[in-house]
1. Enumerate the calculated ³J(HN,Hα) couplings along region 86-99 in order (Karplus 6.51 cos²θ - 1.76 cosθ + 1.60, θ = phi - 60°), each rounded to whole Hz, writing x wherever the residue is Gly or Pro.
2. How much net charge surrounds V156 when only the other residues with a Cβ under 10 Å from the Cβ of V156 are counted, with Lys and Arg +1 and Asp and Glu -1?
3. Run the simple label-point estimate for A70 and L116 please: 7 Å along Cα→C-beta, distance reported in nm.
4. Tell me, what ³J(HN,Hα) does each residue in region 163-173 have, in order and in whole Hz, if you take phi through Karplus 6.51 cos²θ - 1.76 cosθ + 1.60 with θ = phi - 60° and put x for Gly and Pro?
5. Give the long-range amide H neighbours of Y154: residues separated by 5 or more places, or on another chain, with amide H under 5 Å away, using H modelled in the peptide plane at 1.01 Å from N.
6. Residue-wise, which Karplus ³J(HN,Hα) couplings in Hz belong to region 175-184, taking 6.51 cos²θ - 1.76 cosθ + 1.60, θ = phi - 60°, and x for glycine or proline?
Amino acid sequence: DGMEVISSDEEVMDSDDNTEEDLGVLDDQRSVILHLLSQLKLGMDLTRVVLPTFILEKRSLLEMYANFMAHPDLFLSISAGNTPEERMVRFVEYYMTAFHEGRKGAVAKKPYNPVLGETFHCSWEVPQDRVRPLRTDTNPRTNQETPGAGSDCYRVRFVAEQVSHHPPVSGFYCECAERGMCVNTHIWTKSKFMGMSVGVSMVGE
């Protein structure tokens, strides 16, 4: 039926070092940057600007979105709260750590733009004993293991796809079947040249 079959058995352990090196502008790169700056106008949409490869990250934008699940144990712990307030605190905790994980180095670089139809998928194994309610919970619920799971870990699966080129819209879906949790999102990154800086905003839901 033309649908891509995704199997976690095909995944390999991520051993890449995502630390970005300093740009260290060389003489031949300086002319490229000056030419690029000469084309920029105040308020210009940067999604249509072709950037030289030496100022791009090593990875695709789709892979970068997986940073939102960099702490899958905190994501799964959202449902461990006994009250709406506890679940809200857990969500904020998970959400803030997602941004903390973002960039390893001090150098700001742009990830590669995915081509239309490009996909990225990965998964995490989360030990069940790391999924727990807040420490202040006076009546904690025990984690219920899924019958037949046969594992001491939950598996969190993530898949992302580039669904539009102009505007550049990415969609991703993340789930943990054992916990009955999922996230379904589409994101469009907008960036504008502000003169002395670049403004970036995330549009989507």
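1. Running phi through 6.51 cos²θ - 1.76 cosθ + 1.60 with θ = phi - 60° gives 5, 5, 5, 4, 5, 5, 4, 4, 4, 4, 5, 5, 5, 6 Hz.
2. Net local charge, V156 excluded: -1.
3. A separation of 3.2 nm, rounded to one decimal place.
4. Per-residue couplings from phi come out as 9, 8, 9, 10, x, x, 9, 10, x, 9, 10 Hz.
5. Close amide H contacts, sequence-distant or interchain: V126, Q128.
6. For region 175-184, the Karplus-derived couplings read 8, 10, 5, 5, 9, x, 10, 7, 10, 10 Hz, x marking Gly and Pro.
Throughout, read-outs are computed from the coordinates displayed, never taken from laboratory work. Worth saying up front: this structure is predicted, and the values here are computed from it rather than measured. With ideal geometry, Cβ positions are generated from the backbone for all residues, glycine too; neighbour counts draw on all protein chains shown.
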